[in-house]
Amino acid sequence: MLAPMAGVSDLPFRLISRSFGASLAFTEMIDVRAISHRDKRTRKMLMTSPEDRPLGVQLLAADEKYIAGALDVLAEHNFDLLDFNAACPTPKVTRKGKGAALLREPRKLGAILKILVDCAKVPVTVKIRTGWDADSINAREVALYAEDAGISALFIHGRTKIQGYSGTVDYKNIKEVKDVLKIPVIASGDNLSLSLIKRMFDVTACDGVAVARGALGNPWIFREAIRFFQDGVHVTGPTADERIAVIRKHLDLVIKYSGEERGIGIFRKFFVWYTKGLRGIKPLRDKAFRTSKKDQFLDIIEELHRFETRHPSTS
Ligand SMILES: Cc1cc2nc3c(=O)[nH]c(=O)nc-3n(C[C@H](O)[C@H](O)[C@H](O)COP(=O)(O)O)c2cc1C
């Protein structure tokens, strides 16, 4: 499945990922307070479409205060599940007692999850990390509190809060969590290629994997993994034409949902990801950063034909 990513897992990127087989996707994390206040930016983050299913909304909260209000608003949106974020390591978030800060208070996290489970009309899941730091690895304890609260599945990123997004993934700890829970465990952390995804399944015996950075500029990773696990087939990366068609489609979708100027602003980072590793790409990227016009951007995408035979993942 596609992991939640703030600033990334918006509706267009979810649709692109789903077109290659991502079986479940999430909104970016959204603060319950902002949802309950029907904040404008938040409404945009809740934007979805009929093909964008099944979809989870990821919630951020320090306590139960705005949960009921947020659930009232969310009831109007018809989502498939609610995921609670106890994993975000950003100081701006943890300073307020949210995200990974709740790993230090497993009992409190359990109480918040219980309220969510009791009030929500859809399944509730939680996303955790292995612990706050290397000296306080407590994912098993946290996971047991969460399971007790009645959640339906648990997502675990196999790093501590202090590790952020670097350092090695603790496969052993994910396995320990998997061994102790009855509910499904979905593993996250360095699921960057088919071989790493395979390793995650083999070592942890997890029930599913969430792909995050591995899908940036490479939504084909879902097709590659699904074909391998379902049919035992190793598919090669996309052809040059397919890659360029998908980049165009992604641009079309961001413009459809955000308008030309804003859409192109959003799309630039995706363009950088799609063109990662291409030698001599800088002048084209610079051009992409200077234009706010769809026609010009499409011409820039066309120019990728000059590079495509040299793309690392098609060689
Ligand atoms: C740009 C970015 C934004 C992220 N935002 C969220 C988020 O909003 N909620 C969340 O639970 N995890 C978030 N994550 C964490 C990912 O879901 C994932 O657990 C983590 O990146 C580890 O997977 P990876 O090593 O395969 O990238 C984010 C990761 C990245 C790179």
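Using C-alpha pairs below 8 Å separated by at least 6 residues, the relative contact order for the chain is 13 percent. Annotation: the residues E51, E260, sorted from fewest to most other C-beta atoms within 10 Å of their own C-beta, follow the order E51, E260. Residue pairs exceeding 19 angstrom between C-alpha atoms, taken from K178/K198; K127/K178; K92/K121; K114/K182; K256/K282: K92/K121; K256/K282.
Other residues whose C-beta falls under 11 angstrom from the C-beta of I183 contribute a net charge of -1, scoring Lys and Arg +1 and Asp and Glu -1.
The residue list V177, A100, N138 was ranked by how far each Cα lies along the charge dipole of the chain toward its positive end, using unit charges on Cβ atoms, and A100 comes out on top. Dipole of segment 123-228 (Lys/Arg Cβ +1, Asp/Glu Cβ -1, origin at the Cα centre): which of V211, A153, S166 lies farthest to the positive side? About the Cα centre, the residue reaching furthest to the positive side is V211. Applying 1/(1 + (r/R0)^6) with r as the Cβ-Cβ distance of T90 and R227 and R0 = 41 angstrom yields a FRET efficiency of 0.70. Across segment 181-315, the relative contact order, built from alpha-carbon pairs under 8 Å that are at least six residues apart, equals 20 percent. Nearest 5 is fine: what % of DSSP beta bridges in segment 112-221 come out antiparallel, could you say? Once the DSSP bridges in segment 112-221 are tallied, antiparallel ones form about 10 percent. For the chain, the residue among G277, L109, I244 whose Cα projects farthest onto the positive side of the dipole built from Cβ charges is G277.
With Cα atoms as the point set, the radius of gyration and Dmax of the chain evaluate to 19.8, 57 Å. Net charge in the neighbourhood of P283 (other residues with Cβ under 14 Å of its Cβ; Lys, Arg +1, Asp, Glu -1) is +3. Among residues other than L71 with Cβ under 15 Å from its Cβ, the summed charge is -3 (Lys and Arg +1, Asp and Glu -1). I want the antiparallel fraction of DSSP beta bridges within segment 57-191, as a percent rounded to 5. The answer is about 5 percent antiparallel. Once backbone amide H atoms are built at 1.01 Å from N, Q58 has T27, I30, D83 as its partners under 5 Å, excluding neighbours fewer than 5 places away on the same chain.
The helix-only estimate of mean residue ellipticity at 222 nm for the chain, built from DSSP H runs of length n ≥ 4 each weighted as -39500 (n - 2.57), is -13500 deg cm²/dmol after division by the residue total. About its Cα centre, the chain has a charge dipole of approximately 900 debye under the convention of +1 per Lys or Arg Cβ and -1 per Asp or Glu Cβ, with nothing else charged. DSSP bridge analysis restricted to the chain gives an antiparallel fraction near 5%, rounded to the nearest 5. A Cβ-based charge dipole, computed about the Cα centre of segment 166-315 with Lys and Arg at +1 and Asp and Glu at -1, lands at about 380 debye.
Taken together, the values in this text are just the output of simple stated rules run on the coordinates, not laboratory data. Keep in mind that this is a model prediction, so the values were computed, not measured. No Cβ is skipped: glycine too gets one built from the backbone with ideal geometry, and neighbour counts run over all protein chains shown.
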